[in-house]
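A short worksheet on the structure shown next.
All of the numbers you see were taken from the coordinates with simple rules; none came from a lab. None of these values were measured; they are calculated from a predicted model. A quick note on method: Cβ atoms are made from the backbone with ideal geometry, for glycine too, and the neighbour counts reach across all protein chains shown.
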2 protein chains.
Amino acid sequence: MKIEKLTDTISLQRSMEQANIDHVTTVHEVISDVKENGDQALFAYTEKWDGVRLSNLKVSDEEMEEAFLSFEPQLVEDLKEAADNIRLFHEKQIRQNIDLALEKNSYIQYRISPLDAVGLYVPGGTAAYPSSVLMNAIPALVAGVNRVVIVSPPSKDGKLPASVLVAAKIAGITEIYKVGGAQAIAALAYGTESIKPVDKITGPGNSYVALAKREVFGKVAIDMIAGPSEIAIIADDTAFADEVAADLLAQAEHDPFASSVLITTSERLAQKVSDEVERQLQLLPREEIARASIENYGRIYLAESLHQAVKATNELAPEHLEIITENAKELSEQIRHAGAIFIGRYSSEPVGDYFAGTNHVLPTNSTARFSSGLNIDDFVKKTSVVYYSKEMWQEQYPKIARLARLERLEGHARSVESRSWEKGLLND
Amino acid sequence: MKIEKLTDTISLQRSMEQANIDHVTTVHEVISDVKENGDQALFAYTEKWDGVRLSNLKVSDEEMEEAFLSFEPQLVEDLKEAADNIRLFHEKQIRQNIDLALEKNSYIQYRISPLDAVGLYVPGGTAAYPSSVLMNAIPALVAGVNRVVIVSPPSKDGKLPASVLVAAKIAGITEIYKVGGAQAIAALAYGTESIKPVDKITGPGNSYVALAKREVFGKVAIDMIAGPSEIAIIADDTAFADEVAADLLAQAEHDPFASSVLITTSERLAQKVSDEVERQLQLLPREEIARASIENYGRIYLAESLHQAVKATNELAPEHLEIITENAKELSEQIRHAGAIFIGRYSSEPVGDYFAGTNHVLPTNSTARFSSGLNIDDFVKKTSVVYYSKEMWQEQYPKIARLARLERLEGHARSVESRSWEKGLLND
């Protein structure tokens, strides 16, 4: 791994690929087709792209049972425990309505209510991660969303992976459709005979899915479109090189565009981690992916001080940050920008990916400066409420009318004044 | 105004104009130019489009003082009172960090922190609304954003409207730049010699500004791009026709694309409101705009029951909803989708536009189904934190490793397992 001296600003913003215009056109056509022809279009695209002719999109109770029977009981227990942890943490995020009493029996409020319906996209094949099912579904359900639906592309035998069905059931979802790609996003946004439309679509997908989400945005809400994953590790010479290397590689194995960065005050650690990364790379099943990631987007930075390391990290605003130093807790207080922070040697990043209860859907590519990981707030909305009594109105309306006229909105002024008009014949 | 029978689903989604491709190109060029040439580009575009050659972008203390001196003291008082009300309500929205203690001295957290810097766009000329300055700036400042900046295009004399400067000062903003259009958005996103970049840009603007916000989205966060304003009023025969008509027109005077809808169970009220709208239209300074809006997007719907009216309103998900009926408070509890609800005769919509304390930046075009008005949450972000002790890690890591291997992410499994590896020569 390359070792460089840390300068005050480092940036690992990878230039995103421009959307392929042919893909944009295809996605647009698919969406139009589904809007027009509903289920018929879904069956046709599923045959064309997933290679299977279905007669029914919905996963049956029998398919669910079969998935559980085929699944190792220990893994069911592990997923259930992870789900409980995620549920517990997200329940803590639930918020109460705000009720502000004003003078003269008036009040204003802020009513927080769940969305009606949410659709979760789950990719197919080896990218079908049961942990992502839990991470997307549980916050929606905890928020109180009444209807949470999964769509996912079937394999050639017309089935979904058992791990997805098991995770969905554990999360509490039973409305699952065997349809993927842009056609699934179109169905969620506009509805078909089988699939009622939803209000928000979340979950990762390939570039067709991402383009389809962009196109239906506005008709429905979507979650952020995530970039490749990234980690920064701040470490001093109390850290163990093999552990730091393993953590860097856990990120690198995701994607050739993933980025793994170590910022350390220890020259000794820097050199050892560099050697150790190479040693462990050769033993990794996904060596090819991880090697490409490390070569292109992996760096070890030598910092003059932890203060400098923190400053550079705040500039970077990484998705994941591990702090493996003396006084890691205190140091973490100085971090202003990161998606998630993992403190100390025993909190390596996969603890959060799978189990601790925090969400693993996190802002990438420096957007942690201004955005947050998936959470309860993503599945609720707030409605403000105003109630003015007659007495309150009487006291306040001249001010409101003056402010409206300052903006030359005479109609606004008349609206508040109209309650004082002589009614004459108007309501005889 | 047209009177129709209410069917169960009404929709007033106006087809948005497609972005003009020439505008897209212009905006792209402007942004590139500002990125490359900084202030020089800002001065050049300001001369070209605003017709004034500036030598300095920042509003001076003298200009601020001059604005206050030119302003009616009563209006300063009105704006201050409005600002206090907005501040009070938004302070209620401030949230606390979440701290969840786990077993074995471990914990997970959710740290809520303000964005570092926010830029607020304020349109020029007659569209420079001091109330919008308060509504955008105060939530950011209450959220704890350290730096809140205003950009606004100067008039030909090189000045900004006194009302904008006065409202900014009352809100607590003193960093104000005389620059507008796409060039101002580019400066906020990328920074120039005079203007340091921000993390989020909010506030309304013309189509160039909206296109520029879309283009810089990702580099910085942006607020929603609002469509034309709309109101729905649910009224029974206890409502006064002249008041309902005035409220419909207050919305219609905004924009020819604004939409004003009355849903009533009273045929008598329907007819009277229709007549009264025509009568009041003829007296309105902005008659032309309001008439176009009423003719194209104004409707009176006759409902069979209040139940049917509520159902249709929830389908519509209007930006603003007034309920002027008997038992309006109880009826409001049945509303699931609206940006803001105004209850009873004395809470006409301008009460919220200017004064009550709720925010007037609200979701339009049925997006209240899944989004919220501007609020404190728009100016904070959440960072999750995981701390596992050695004992906790020891108990949990085999589960985490199993879940990682279920997803064929061997590197993730090794990351949590590495803490148990014999270190041998690795850290000698």
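For the protein assembly as shown, with equal point scatterers placed on the C-alpha atoms only and solvent neglected, what are the log10 I(q)/I(0) values from the Debye formula at q = 0.06, 0.08, 0.10 1/Å, to two decimals? Taking Cα atoms of the protein assembly as shown as identical point scatterers yields -0.43, -0.76, -1.15.
Neighbour counts of other Cβ atoms within 10 Å put A:F217, A:F379 in the fewest-to-most order A:F217, A:F379. Given R0 = 41 Å, the distance between the Cβ atoms of B:E278 and B:K329 translates into a calculated FRET efficiency of 0.80. Taking the longest Cα principal axis of chain B as reference, the axis of helix B:73-91 is set at about 50 degrees. Could you sort out which of A:K399/B:K92; A:K213/B:K329; A:K159/A:K382 sit more than 30 Å apart by Cα distance in this structure? From the list (A:K399/B:K92; A:K213/B:K329; A:K159/A:K382), the Cα-Cα distance tops 30 Å for A:K213/B:K329; A:K159/A:K382. Radius of gyration over Kirkwood radius for chain A, both on Cα atoms: the Rg/Rh ratio is 1.07. Summing charges over all other residues whose Cβ lies under 11 Å from the Cβ of A:A340, with Lys and Arg as +1 and Asp and Glu as -1, gives -2.
What number, in percent, do you get for the relative contact order of region B:152-303 if the mean sequence gap of Cα pairs under 8 Å and at least 6 apart is divided by its residue count?
17
Listed values for region A:129-135 are Karplus-derived 3J(HN,Hα) couplings in whole Hz (6.51 cos²θ - 1.76 cosθ + 1.60, θ = phi - 60°), namely 9, x, 5, 5, 4, 4, 5, and x replaces Gly and Pro. Residue separation of A:E267 and A:K35 scaled by 0.36 nm, minus their Cα-Cα distance, works out to 77.6 nm of gained length. Legend: mean number of C-beta atoms from other chains within 10 angstrom of residue C-beta atoms, peptide A:219-226, equals 2. Put simply, the C-alpha atoms of region B:21-222 give a gyration tensor, and the ellipsoid matching it has half-axes of 31, 24, 13 Å, longest first. For the residues of A:394-403, the average number of beta carbons from a partner chain within 10 Å of their own beta carbon is 6. Ordering A:H307, B:H337 from the fewest to the most neighbouring beta carbons within 10 Å gives A:H307, B:H337.
How tilted is helix A:162-171 with respect to the longest principal axis of chain A? Cα atoms for both, answer in degrees (0 to 90, nearest 10). That works out to roughly 50 degrees.
Pairwise Cα distances in region A:134-290 exceed 23 Å in 54 percent of cases. Local charge for A:S70 was computed over the other residues whose Cβ lies under 11 Å away, with Lys and Arg +1 and Asp and Glu -1, and equals -3. Among the residues of A:369-380, the average count of other protein chain beta-carbon atoms within 10 Å of the residue beta-carbon is 5. Relative contact order, whole percent, for chain B stands at 21, derived from Cα pairs under 8 Å and 6 or more residues apart.
The local environment of B:V277, defined by Cβ-Cβ distances under 13 Å, has a net charge of -3 under the rule Lys, Arg +1 and Asp, Glu -1. Look at B:R291, A:R95 and count the other Cβ atoms within 10 Å of each Cβ; fewest to most, that gives A:R95, B:R291. Taking label positions 7 Å along the Cα-Cβ direction at both B:H28 and A:T25, the computed distance is 1.7 nm, reported to one decimal. Against the main long axis of the alpha-carbon atoms of chain B, helix B:21-37 sits at an angle near 50°.
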